[in-house]
1. State all residues of the stretch 543-580 that are assigned to a strand (DSSP E or B) and of a type in the set (Asp, Glu); if no residue qualifies, say none.
2. Are there any strands (runs of 3 or more DSSP E) wholly within the stretch 590-708 with 2 or more residues that are of a type in the set (A, V, I, L, M, F, W, C), and if so which?
3. Looking for whichever is in the same structural domain as Lys347 (by TED's automatic domain parsing), modelled with pLDDT under 90 and of a type outside the set (Phe, Trp, Tyr) here; the options are Arg160, Arg137, Arg184, Arg130. Which one fits?
4. Just checking, which of Gly501, Gly534, Gly541, Gly560 is closer than 23 Å to Ala714 by Cβ and not β-branched (Val, Ile, Thr)?
5. Being at pLDDT 95 or above and not basic (Lys, Arg) narrows it down to one residue among Thr558, Thr508, Thr523; which is it?
6. Just to be sure I understand the filter: pairs with C-beta atoms under 9 Å, separated by 6 or more residues or on different chains, first member in the stretch 370-390 and assigned by TED's automatic domain parsing to the domain that holds Arg430 and within 10 Å of Leu429 (Cβ to Cβ), second member in a helix (DSSP H, G or I) and of a type in the set (Lys, Arg). Which pairs pass?
Amino acid sequence: MALDPNKLSRNELVQLLNSTALGESITRSRLDRQMNRAGRRWHDGRNIRLLDYLRWLIREVERPEKPAIDARAADLARKNTETWRSQNVAPLPDIVNLERRERARADFRFFCETYFAPTLYRGWSEDHLRVIDKIERAVKEGGLFAFAMPRGSGKTTLARLSALWAVLSGYRPFVCLIGGAQERAIELLAPIRKAILENPLLLADFPKATYPLHRLQNNARRQIGQHIDGQPTYCTWSADKLVFPTVVGPYNEASGSIITVTSLDANMRGQQHTTMDGRTLRPSLVLLDDPQTRQSARSPSQTRYRLQLLTGDVLCMAGPGESIAAVLTCTKIYAGDLADQLLDRQKNPEWQGECTKLVYAFPANEKLWDEYARLRAEGLRTGKGLKPATVFYTAHREAMDAGAVVAWPERFDPKTELSALQHAMNLKLRDEEAFAAEYQNEPVMEQFEDERLTAEQVAEKITGRPRGEVPLAATRVTAFIDVHDKLLYWCVCAWQEDFTGYVIDYGTFPDQKRLYFTLRDATCTLAASFRGAGKEGAVQGGLEKLAAELLARRWERTDGALLSAERLLIDSGYLPAVCNAVAIKLGPAVMLSKGMGLKAGNKPMATYRRRPGERHGCNWYIPNVSRSSEFRHVAFDANFWKTFVHARLVTAAGDRGALSLFGKKPEQHRLFAEHVAEAESYVVTEGQGRTVREWRPKPSRPDNHWFDCLVGCAVAASLQGVVVPGTDAKLPPRPRLRLSELQKNKR
């Protein structure tokens, strides 16, 4: 039946469509949308074949609409799928040689010879075999074992391989590698990581432990999300920690095991690891590689300190009621050092010390070797090298070898040497003292105590003057505030123009009203003094009150003159915005400070380029902070000024540059002296032609806040013109630049 569109309204058309068996209702908006798709617009008065259009519209309605596809979401879904697939390391390879694997698990020597033959190409000496046997017993059965071998004998390699063997074989689920210094400790784990990535035999026989780590391709980000058919591996790949994948099933004794690295000068306490099944692992095997540095070996006090760390912190790393196994490799440097004491079975029998040598018996014919030494020295002077001496040794080898016993016959350079004895004698002729210590483990040099400051020395440097009195010769007064959440530590010093100094007062705000306390157990706190204020508000309120009091106070000199603090520095390392607000409010006498621990390899402040608007002094400078986000402050070399303050305290009272404390009783300064002398230690380093004492907190992290205050007072005195003894206070004038040069540089 023909329909006249002029007689049908839109509502009537909707009703007509609803009367058809379309399975859904058609709304007016949908009708308009469908008609627009057909290129037609509905309006009364337009002649169209409505019946044909209805047939088309019915087909369109019956056809399901295609969902709108978000291209970005589709791309993200595709990438997520690809990432998920790439993170799946299944299936794991099968074990290539099960018999070889099981033999390696049971025999440490076979493990080294099989999987690391290219590294151990020289073969074993009798000393090596004896050491390997003791390492194996320590790993399997427990106990302590210390051994010293000549430098270059591979003792560090054996220690690293024993760590990997102990974990892969399932004897020790948590192994901790400890070095003498943090930088050295990090290097202990690197070869183990490299072996996992590049050793094909290790991958072939221990696939469940190494294949997931191998798939990381030395990229730590890939450990996130790694899984085996949906089961996470929970592995960790970092410079100081290696967690082996958690893989359920047989032949994976290393599942969830861990190897960490640390150093004796780091905080070793509290090392633990929680596995995915809820077990808490603590170190069960500790491998210490050369746990002393040359600096610590020569000092009896540092040797005692490291022995305390070894017996206290290291050997107590295991859990309650659990024993720990330890293997220690070392080389003697000084008589009486850490290695010398641990290897002495009379002093430390529990370490079962084993001391090896490069030469056990020297040759009997000294005359021939004297001639060899002459020819060697002459050849080196004339540029002929070792050739003349080697020719002489070849002609008289039988007589020159008579009576000699060397530990490792394969140890020599075949390019220039003929035997291990010749190699050993060349080392001996190079430096006899170093040869005795490094290769024979028989050091001839004794330890000597350095000028390290003690708390007793600081407490006993008293002047007998009452608190707050300024000596007659002093002309300047400076102050410093160290900022913390609970307390503000402060110190005030008086100075002579030659940097002879006097601590005239120090304390905390709020006052603790007791002689001995720590920041942690402080009872009178800033929060209690400024109730209702937040952390920043309490700190700012305390700073404003304390700084105002220190600036307003008049310090009486013995001649009756009244001095005030010319410069007050505030440590801006914590809450710098709050400290800056206080400095602005109290005026130019108050300035923020920022300590920078410049190492030997860093550029010293004396060589900094002087820019317009800056002020430079003795290892400090005030940068131009205009048009920057920084606050006005003085930056100083903390390592230099801490060393300088300690030198002033070591200087005898009465000498120029000495630093003393008020009072008549040393015991009243006990806590202050501990902050200054016992909270931090230094390591002597060299670089770029200079020697630097690098200061760092001790592993136990004791309070050092008054030490920082004392250093800050010295920096403030230098800002006010006090001259460091032996230095020139005047800096060379800044060179004048011509306009043409500035324009040229700008271009």
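The values are calculated or read from the model by the stated rules, or taken from the named source; none is laboratory data. Small disclaimer: the values here were computed from a predicted structure and weren't measured. Glycine also receives a Cβ, built like all others from the backbone with ideal geometry; neighbour counts cover every protein chain displayed.
1. Scanning the stretch 543-580 gives Glu556, Asp571.
2. Passing ranges, in order: 590-596, 620-622, 633-637, 659-661, 680-687, 690-697.
3. Going through Arg160, Arg137, Arg184, Arg130 in turn, just one is in the same structural domain as Lys347 (by TED's automatic domain parsing), modelled with pLDDT under 90 and of a type outside the set (Phe, Trp, Tyr): Arg184.
4. Unique residue meeting the criteria: Gly501.
5. Thr508
6. Ala389/Arg374; Ala389/Arg376
Residue-by-condition table, conditions (1) closer than 24 Å to Lys665 by Cβ; (2) touching a Gly at 6+ places or on another chain (Cβ under 8 Å); (3) surrounded by fewer than 17 Cβ atoms within 10 Å (Cβ to Cβ):
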{"residue": "Ile504", "(1), (2), (3)": "yes, yes, no"}
{"residue": "Leu515", "(1), (2), (3)": "yes, no, yes"}
{"residue": "Lys535", "(1), (2), (3)": "no, no, yes"}
{"residue": "Leu543", "(1), (2), (3)": "no, no, no"}
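Listed here are the residues, each with its yes/no results for (1) assigned to a strand (DSSP E or B); (2) in contact (Cβ under 8 Å) with a residue 24 or more places away in the chain; (3) hydroxyl-bearing (Ser, Thr, Tyr).
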position: Glu433; (1), (2), (3): no, no, no
position: Pro443; (1), (2), (3): no, yes, no
position: Leu453; (1), (2), (3): no, yes, no
position: Arg467; (1), (2), (3): no, yes, no
position: Ala473; (1), (2), (3): no, yes, no
position: Thr478; (1), (2), (3): yes, yes, yes
position: Asp485; (1), (2), (3): no, yes, no
position: Cys493; (1), (2), (3): yes, yes, no
